[in-house]
1. Placing +1 at every Lys and Arg Cβ and -1 at every Asp and Glu Cβ, with all other atoms neutral, what dipole size does the stretch C:25-169 have around its Cα centre, in debye to the nearest 20?
2. R0 = 45 Å: FRET efficiency of C:Val204 with D:Glu213, Cβ-based, nearest 0.05?
3. With a ≥ b ≥ c the root eigenvalues of the C-alpha gyration tensor of the stretch D:143-227, is it rounded (a/c under 1.5), prolate (a/b larger than b/c) or oblate?
4. Please average, across the residues of B:289-299, the number of beta carbons from any other chain that are within 10 Å of each residue's own beta carbon, and give a whole number.
5. Of the candidates C:Ser318, C:Ser119, C:Ser18, which one comes out as most mobile in a Gaussian network treatment of chain C with C-alpha springs shorter than 10 Å?
6. Give me the dipole magnitude in Debye, nearest 20, for the stretch C:1-89 about the Cα centre, with unit charges on the beta carbon: positive for Lys and Arg, negative for Asp and Glu.
7. Tell me, what % of the accessible area of chain D is carbon and sulfur with a 1.4 angstrom probe?
8. Treat every Asp and Glu Cβ in chain C as -1 and every Lys and Arg Cβ as +1, leave all other atoms uncharged, and give the resulting dipole magnitude about the Cα centre to the nearest 20 debye.
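The values are calculated or read from the model by the stated rules, or taken from the named source; none is laboratory data. Small disclaimer: the values here were computed from a predicted structure and weren't measured. Every residue, glycine as well, gets a Cβ built from its backbone with ideal geometry; the counts of neighbours run over all protein chains shown. Ligands, DNA and RNA are excluded from the accessible area calculation, which covers all protein heavy atoms including side chains. Shrake-Rupley method; radii C 1.70, N 1.55, O 1.52, S 1.80 Å.
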There are 4 protein chains.
Amino acid sequence: MDEPLYYGDYLQLDALLSAQRLESARDGAAVHDEMLFIIVHQAYELWFKQILWELDEVRAIFSRDRVDESDMGRVVALLHRITEIQKVLLQQISVLETMTPLDFLDFRDHLFPASGFQSVQFRMVENKLGVRVGDRLRLAGAAYTARFDEDDRLVVERAEHEPSLHDLVEAWLERTPFLELGDFDFWEAYRKAVLGMLDHDRAVVEQNPNLTEEERAEQLAGFEQTYAHNEAVFDEAKHKALVASGERRFSYRAFQAALFITLYRDQPALHDGNRVLTLLMDIDEGFTTWRHRHALMALRMIGRRVGTGGSAGFAYLSRSAEKSRVFTDLFNLATFLIPRSARPMLPPEVAATMRFRFEE
Amino acid sequence: MDEPLYYGDYLQLDALLSAQRLESARDGAAVHDEMLFIIVHQAYELWFKQILWELDEVRAIFSRDRVDESDMGRVVALLHRITEIQKVLLQQISVLETMTPLDFLDFRDHLFPASGFQSVQFRMVENKLGVRVGDRLRLAGAAYTARFDEDDRLVVERAEHEPSLHDLVEAWLERTPFLELGDFDFWEAYRKAVLGMLDHDRAVVEQNPNLTEEERAEQLAGFEQTYAHNEAVFDEAKHKALVASGERRFSYRAFQAALFITLYRDQPALHDGNRVLTLLMDIDEGFTTWRHRHALMALRMIGRRVGTGGSAGFAYLSRSAEKSRVFTDLFNLATFLIPRSARPMLPPEVAATMRFRFEE
Amino acid sequence: MDEPLYYGDYLQLDALLSAQRLESARDGAAVHDEMLFIIVHQAYELWFKQILWELDEVRAIFSRDRVDESDMGRVVALLHRITEIQKVLLQQISVLETMTPLDFLDFRDHLFPASGFQSVQFRMVENKLGVRVGDRLRLAGAAYTARFDEDDRLVVERAEHEPSLHDLVEAWLERTPFLELGDFDFWEAYRKAVLGMLDHDRAVVEQNPNLTEEERAEQLAGFEQTYAHNEAVFDEAKHKALVASGERRFSYRAFQAALFITLYRDQPALHDGNRVLTLLMDIDEGFTTWRHRHALMALRMIGRRVGTGGSAGFAYLSRSAEKSRVFTDLFNLATFLIPRSARPMLPPEVAATMRFRFEE
Amino acid sequence: MDEPLYYGDYLQLDALLSAQRLESARDGAAVHDEMLFIIVHQAYELWFKQILWELDEVRAIFSRDRVDESDMGRVVALLHRITEIQKVLLQQISVLETMTPLDFLDFRDHLFPASGFQSVQFRMVENKLGVRVGDRLRLAGAAYTARFDEDDRLVVERAEHEPSLHDLVEAWLERTPFLELGDFDFWEAYRKAVLGMLDHDRAVVEQNPNLTEEERAEQLAGFEQTYAHNEAVFDEAKHKALVASGERRFSYRAFQAALFITLYRDQPALHDGNRVLTLLMDIDEGFTTWRHRHALMALRMIGRRVGTGGSAGFAYLSRSAEKSRVFTDLFNLATFLIPRSARPMLPPEVAATMRFRFEE
C-alpha cells in the first residue's frame, strides 16, 4: 500500500531547498545577499517553466486544424494566468532591487562569466511566443545563443523552429469564417465605410465658410495623404511589402480578421476571440514592461559596466525591450478602427450565425 | 583550474526544474493544472527560505547585548526586503486563483492527506517572528504540529524555543538609553502631559456656558472614565496583568520605549528605530493580509469541505489570521500618543545626545 | 463656433484642484499631512463614483427580462474593470499608511465628528452590490445610516430598495434555460452522480481488507453524515430553511444554475456566464480584502481609541468585513462540485443548443 | 458656534462629484466609457497635486543652508510616500486599459484638441524634479509648452526656474562634510584603492601561466582602456566636459559625495542620506516605468494615429521616457563602486564624527 503523501515529499523540498549553494561561501566568506540573488533567479526559472507549460497548452489548442469553440474558454483562462504570473515576475524585480550595487559587488566576481543571458527557458518563452531570430540583437557581436553550452543552444534553437503562438494565432485568424459569408464581404464593406467617412469629412472642409483659402488648401492636402495611406491598407501588395520589410507581421488575411473581431466584438461568437487578442496584447505589454524594468535595474546594479554576460548593459537591454515585442500588429490595429457609428451593419444572416443555437 | 561558472549549474536548474512530479500523472492522466499547484507552492517555499534567511540575520543583530548603530541601516533594509517579498507572496495567491475549484477537484484526491499545514518553513517563520504556542489554534483537536512527521515536528518545535524577533525587539527596546537621563524622566513627563491635557479639557467643560447641566454631567462622567483608563497606563501592576492575560505582550519598559521612539522619532538617533517599528507593523500587516486572502482563496477552492489537512477550512484560517498577529502592541501604540503640541519638550542635554558628533 | 476644448476645462481642474481646504489651516497652522488625508479620500470618492457608474450599467443589463448574449461580453468587461479599480483602492491604503498616527493626531481633532462612515457613495456601492440591511452592524447602537444628514440618509436608503446586483444575478441564474431540456434533468442527473460516487466509496470501505473493524465502523459512520448532508442539498425545503436563516442567499433554482454553469463551463454558451460568476467572487474578495486592510490601517492609526465616527474601531471594522460579503453562495459552490470524471454527460441535443450556429 | 464638520462638506464632494461632464453627452448620446476617461484623469491630477505638495516640502527642507539632521527622517518618509503614490499612478494605467480603442473612438473626436500634454501639474512635477528644458523633445516642432494657454504656460515656465530637487540635492551633496577631514582625503584614498585593484589585477594577468600570449595581450590591452577610463574619473576637467555635454549632471564634488555616501552607507550619519539617494532612484524609475507603460497604452489606444495633442504618439512617448530621467548620475554610480574588501578604511576620528553622541 502507498505511503500517505507528505507535503515535503510531494514538493520535493529536499531537492528544492538544498539547491542554493553560495559561490561566495566556497572561500569561506558567504555573502548574505547572494542567497537573495539565487532565490530570485530560481523563482524566475520556476515561473518560466510554468509559462512554458501554459504556452505549450495554448499552442497545442491552436495547432488543431479547427479550434473547438469549447476550448476557447480555456485559452482565455490560460492566457489570463500568464498575465497574473507576469505580475509576480514584475514584483520580483522590486525584491531584487533591495539588493544594492555595493552588496552585489561583494560576490559579483564569483559569478563571472555566468549570466542571465544563459537562461534557456526565458529564450524558449520568447521563441514560443514568436520573437523572431531576425529581430534578435547581437550579443557582443555574437548570436543571442552564443553564451549557451552546446546542449542548451540546441534546445533554444529547436524552439525557434516550432510554430510560435504568434504564427498559430495568425493561422487561426486566417480561418475566421465570417469575413465573406453569402453576399457579405467585410473588406469591401469596411473599405466603403472608410472612404465614405473621408468623403464626408472632405466635403465639410470644402464647404466650410469659416476657413481661409489657405487653411482649406492645407486641410485638403492632408486628405490626399490620408487617401494615399488608406490605399496602402486596401492594397494587398503594399501590405506584403510591409511584411517583407518587417514593419508588419500578420498576413493580409489575418490582419483583416483581427480588425473584424475587434470591430464586431459584441457578437457572441467573437467574445472569446476578442479576449484572446486583448490578452495577447496584455502579455506582450507585460514582458515589455518587465524588460524595461529589468534594464533599469541592471543599470542601477552595475552602472555602465559591462554585464557579467558581456552585454552592453542598459543600452542593449533597452533596445531589446522594443525589439522583442511580438504582437505589434495588434497594437497597431487601433490605427484602422472606425467609430461604431460608421461601422458597416452586419447583414442579419451573418449576425445570426454568430449567435448560439438556443437563442431564438 | 575551475570550470567557468554556468548559469544553469549555478542555479542548479537540473534539480530545480525536475522537481515537479505530478501525482495525477502516476495513473497516466496528468492534470494540466497540477503543475501550477506544484510550482506555486515551490515558489512559496523558496521565498519562505529567503524570509527565514533575513529573519535569522536580523535576529542575530538584535541578539547582541548592544546593537551597533552601524547595523541599524542594514536591519531597516532587511526588514524592508521582507515586505517586498510579501508582495510576491500576495500576488502568488492571485496566480493560484486562476485555478478553479473544478480544476482542483481533478487532482485533489491524489494529494490526500498532504496539506499546507505541513509547511515546516512557514511555521518556522511564524515561530521566529513570535507567534506564541499558546495562541495557536488546535487543528482538528490536535496540536498545530500534529500533521508533521517526527523530524519536521522537532525542527518546528525547536524554533518555538529560539528567541523570536518579537522578544529580541522587546529586549532592545528595554535597553533604550534615553528614557531616564540626568533629570529627565520620560515617563513622569509624559504622565504630566497626559494629565495636563485632561485637566485642561475638563476645565473647558466645567466652564462652558453653552452646555446644559445634563450635558455637562455626562461629559464630566466621561472624564472620570478616561482618568481611570489612564491610571491603568501608569500603573505597572495593571500593565503586568494585561500581559499575563495575553492582551499585551511588551514589558512595561519596552512599551514605554516604543512610545518614546514614536513620539520623538524626529531625533536623529531615533530615525532608524522608528523605521524598524514601522516595518515590523508592515510585516505583521503583510502576513495578516496574506492569511485573509489565503482563507478566502481556500473557501473559493474547496467551499465548506474539510481541507486536505483536516482543518475546518475557512473559519479556521480566518480566526488564525487574527490570532497570528505578533506586533499587536505596536498597533495599539496609537492609543497612547499625544499631539506634538502637548508632547513634553526634551531637555537640551537629552536631545543633544541623540544627535551626531559632527553636528555643532 | 465652439471654443476648442482645453484639457483643464474638460477635467474642470479649477474646481477639482481648489477643493482641498485644510481644516488645520483655519487657525493658521496648516498640518502638512492633512493634504494627503483629503486627497486620498477624494480619490476614493472619484473611484466610488466610477464603480457606481459601472454597477448601474451592469445592473441595467441584468434588469432586462432576457439578457441579450451580445451584452455579456460587455458585462464581463465592466466587472473586470471594477476589479482593476479595486487594486487602485487597495494601493491607496498603502499610500495613506505613509501618514503616521503622530501626524494624524496633529489635525485629527479638527475633523471631529466627520467620519468615513459618512461616505454616501460607499454605502451605495454596498447596497447596489447586495449587502443586506439585516447584515449591517449597529454603529454605536444606531443604524448604519445614523451618521448621515437627512438628504444623504434618504439617498442611501433608496439604494437599499433598488434591485441589487446580487438579486439581479440570482434572477438571471433562475432563467438559465439548460437545466431541463427535453429528457435532460440536470438536477436529477447530478443527484444520481453524487449518490453513485458515495455508494462506490462506501463499497470500497466495506470491502477493504486492510481496515480494522473499528476503522471500518468509523469510516462508515462518516458516510452516514455525508448522506444526511447531501439529502439537505437535494431537499428544497431544507434549502429554503437555510435561506430563511440567512446561511444561504440564492434561491434553490439559482443555486442549481450556478452549479450547472460551473460544472459545464466549457460549453461555449456558458463561457461568459462562468466568467461573470468568477468576477463576482473576485469583486467580493476585493472588497473584503480592502475592508480587512482598512481595519488594520485604522487600528494602526488610532489604536483602540474610538473612531472619529464613534465606532468601536478595529473590532467593528473586522467583523464588518465578514458580514459585508455578498456572493457567499458562489464561494460555497465548491462544496458541491464533483470531479469531471463523475460529471453527468450532457445529452448531445442539450450540448448542441449551447454551441454557435456557425459550428457544424 | 461652528457647525459640526460633515464628511461630504470637508471633502467638498458637491464640487468634486459634479465635475464630470461628458462631452459626448452634449449631443445627447453619452458614451459610457467617457466617464472612466474623465475620472482616471482627475484622479491623476489629484495625485499630481499631492506629489507637488510633497516635492515642495522636500525642496523647502533642502533649500536651507544646512539641512537639519532632524529633518532627514521626514525627507525619507516623504520621498517614500511619493513612491507609494507612483504605484497608484501605475495601477491606474491598468484601469484605463480596460477601455478599448473602439470605446475610445466613440468619444475621441469630442475631445479634440485637448490632450494630456496640457497637464500643467505633470509638467511642474517634471520641472521640480529636474527634467531640463534642454532635454525636452519638441512637440510637433514646437516647444513642450506650446499647447498650453497663456496662463498655464507661464506657470509651467516659472517652475523651470525654481531650484529643482535635483539641483538642491546636488548642492546638499556638495556640502557633505566628511570628504576631507583632518588628514583624510576621500578622493585620494579612493583613487589609490582603484589603482591598487587594477595593478593587482594586471599583475595577475601578466603572471598567469595559463594564458596564451595572445590572450595575455588582449587582456592587457583591456587594462589600458580601463586605466584611461579611470583617469577620466579622476580628472575634474574631464568630468566638467561630460557635464557640459549633458552626459553627466552632478558637479564633480556632488558626484564624489554621492559615491562616498554609497560606499560608507553603514556609518550612522549616512543612513538617511543613503536612503535619500536610493529613493531618488526609485522615484526616477517609477516615473520612467509609468512613461513606458503610458507609451504602450497610447499605442494600444490610438495605434499609429497622431495623438489628440498632435504628438507623434508612441515613438515620441518612448523617447521621452528616456529623456526625462533625472537622477541618471545616481544610476551610474554603480560603475564606480569598489568592493568593500578594497574600500579604504575610514580613519577612526573620521568614523567617530559620524556616530551619535550617546555612543561611547
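1. 300 debye
2. 0.05
3. Oblate shape, in that a/c is at least 1.5 and b/c is the bigger or equal ratio.
4. For peptide B:289-299, the averaged partner shielding equals 4.
5. C:Ser18
6. Roughly 320 debye for the stretch C:1-89.
7. Of all accessible area on chain D, carbon and sulfur atoms account for 53 percent.
8. 680 debye
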